[in-house]
Amino acid sequence: MNPVIYPCFDPATWGPSLDAAVDAVQRGAVVVLPTDTVYGVGADAFQPTAVAAVLAAKGRGRQMPPPVLIPDVRTVDGLARDVPAPARALMEQLWPGALTVIVHAQPSLAWDLGETHGTVALRQPDHGAALALLRRTGPLAVTSANLTGQPAATTAEGARDQLGDAVAVYLDGGDSPLGTASTIVDATDPAGLRVVRDGGVPRARLIEIAGADAFAPEPPAEGESAG
C-alpha cells in the first residue's frame, strides 16, 4: 500500500499535514518534504537510527552523510565552530536559499550523520512549508528524495515512486521551484572556500558576496604546470 501524501500548499490549511510530519520525526521515522531546490528525504538529525533509516531509504552508505537543514541562520553557531567570515557572509546574504555550506561541526554534539570527519553541511531552505516544519522539529538530516543514482524528485509523487513505504509521511508542496540541487561550498579548508558542487547559486554571485580572494586557488588542470 502506498503511503499517504499530505497536502502542504497553503499555510492556512497545512497544519494537520505538518502535525503528521512532526509526529513522524519525533518518533524517529523518515519524512519527505518540499524545498526550494528539490524534494528532500529526512529525519531528526539527533536520532542516529533515524538518520541511518534515511540513508537506507536512498540505498546510500555512511560514507555519504546527509546535509542538515536548519530553520534560521542563528542556528549555525549551535551546530558549527570556526565559521570563516566569508562563509558567514554567504549564509547571511543567500539564506534562505539554494546554498549548502560545509563547516566544522561542534564536537560536543550528540549526533551521528555518518563519516563526516568532523564536518557538517548546513542549509536554510527557501520554502515556507520546509521552514514551518523545521521551526517545529529543529535541525533535520535531509538529502535529495531519490534512490542513489536516480534523478532527484521534484514532486511528492515522484519521491513516493522511488522511496515507497521507507517513508512515513510525504508532504506535497507542488513542483519544486528550482528543480535543481543547491550549490555546495566547503568552508573547512584554511586555504579558502571551495565550490564542490555547482547548483542553484551561480559562482559569480558567490564571488560577488565573498570576494575572489576568499576562495582557495583552483588546482591546475590535468596536463598544465602549476607554474
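The values are calculated or read from the model by the stated rules, or taken from the named source; none is laboratory data. These figures come from a predicted structure and were not determined experimentally. Please note: Cβ atoms are built from the backbone with ideal geometry, for glycine as well, and neighbour counts cover all protein chains shown. All accessible areas refer to the heavy atoms of the entire protein, side chains included, with ligands and DNA or RNA removed. Shrake-Rupley method; radii C 1.70, N 1.55, O 1.52, S 1.80 Å.
List of remarks:
- Residues that are over 17 Å from LEU33 (Cβ atoms) and in a loop (DSSP other than H, G, I, E, B), drawn from region 112-166: ASP112, LEU113, GLY114, GLU115, THR116, HIS117, GLY118, LEU147, THR148, GLY149, GLN150, PRO151
- Residue list for region 75-130, restricted to those being of a type in the set (D, E, K, R), under 28 Å from ALA204 (Cβ atoms) and open to solvent by 40 Å² or more (accessible area, probe 1.4 Å): ASP82, ARG88, GLU92, ASP126
- Looking only at region 168-227, and only at residues there that are among the hydroxyl-bearing types (Ser, Thr, Tyr) and within 16 Å of the chain's Cα centre (by Cα), the one that is modelled with the lowest pLDDT: THR180
- Qualifying residue in region 36-56 (condition: open to solvent by 20 Å² or more (accessible area, probe 1.4 Å), farther than 16 Å from ALA166 by Cα and under 14 Å from the mean Cα position of the chain (by Cα)): no
- Residue match in region 178-190 (condition: without any contact (Cβ under 8 Å) to a residue 12 or more places away in the chain and not hydroxyl-bearing (Ser, Thr, Tyr)): yes
- Number of positions in region 8-18 that are farther than 15 Å from GLY40 by Cα and either in contact with a Phe, Trp or Tyr (Cβ under 7 Å, 6 or more places away or on another chain) or open to solvent by 80 Å² or more (accessible area, probe 1.4 Å) (or both): 6
- Any hit, region 70-86, residues being touching an Asp or Glu at 6+ places or on another chain (Cβ under 7 Å) and assigned to a helix (DSSP H, G or I): yes
- Residue match in region 54-63 (condition: within 16 Å of VAL201 (Cβ to Cβ) and modelled with pLDDT of 95 or more): no
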